[in-house]
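Each remark here refers to the structure printed beneath this line.
Laboratory data are not the source of any read-out in this text; all were calculated from the coordinates shown. Being a predicted model, the structure only gives us computed values, none of them experimental. FYI the Cβ positions are ideal-geometry reconstructions off the backbone, even for glycines, and counts take in every protein chain you see.
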Amino acid sequence: MIDSPQERAAVYAMFAVVALEACLNFSVPLYIQIMQGRTPLATSVTMLPFSLTVSFAALLVVRYYARFTSRQIGRAGFVLCTAGLLWLSFVVRNDWNSVPVMLGLIVFGIGQGALVTLLFNVLVTASPKELAGDVGSLRGTTNNLAAAVGTAVAGALLVGLAFLSIVPAGWLPAYKPGEIPDPK
């Protein structure tokens, strides 16, 4: 089912896009509620356009298959994902407003929704008809694994950043490279 380099690339790309989405779905709501002290309802309002955009983009991208090649749609999807993430890296601050963040999430959501649908269709069309169920299973497994890895990476990064921000300066002993610390 994933014999060719193109099929493997489609699976890797799907994994990367879904993992990035999981990072966003974990870190942005966490930041809104913990760091900004907003309510769960305010968090939902901020994240709702992103979820809707992913769904609508996934449904509507099929209409553009006749007008654009898969390569053009894929490139546009990756450009939108990159632009959305870059935008978010500039607008997310301690005092950010929801509207610019929603804009970045919407742009990323359009790219992510288009890419996931496109990559799934690439896998389905590249495989024989008798393996169509296996392609669906591969997509589901890739999505689940990517979501788990994305969430774990985001959690590890956030816990690491939180640890570094709470640990007082000088609390961690400084060791020279190659020096073995004394366990006492």
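Details
- Residue pairs whose Cβ atoms lie under 7 Å apart, separated by 6 or more positions or on different chains, with the first residue in the stretch 32-45 and on the phi < 0 side of the Ramachandran plot and the second surrounded by 13 or more Cβ atoms within 10 Å (Cβ to Cβ) and of a type in the set (D, E, K, R), are I32/R38.
- Selection of the stretch 120-150 for residues being loosely packed, with under 14 Cβ neighbours inside 10 Å and of a type in the set (D, E) yields only E130.
- Each residue in the stretch 65-94 was checked for being among the hydroxyl-bearing types (S, T, Y) and surrounded by 14 or more Cβ atoms within 10 Å (Cβ to Cβ), and 2 of them qualify.
- Meets criteria (in a helix (DSSP H, G or I), without any contact (Cβ under 8 Å) to a residue 60 or more places away in the chain, of a type in the set (A, V, I, L, M, F, W, C) and within 24 Å of R139 (Cα to Cα)) for A9: yes
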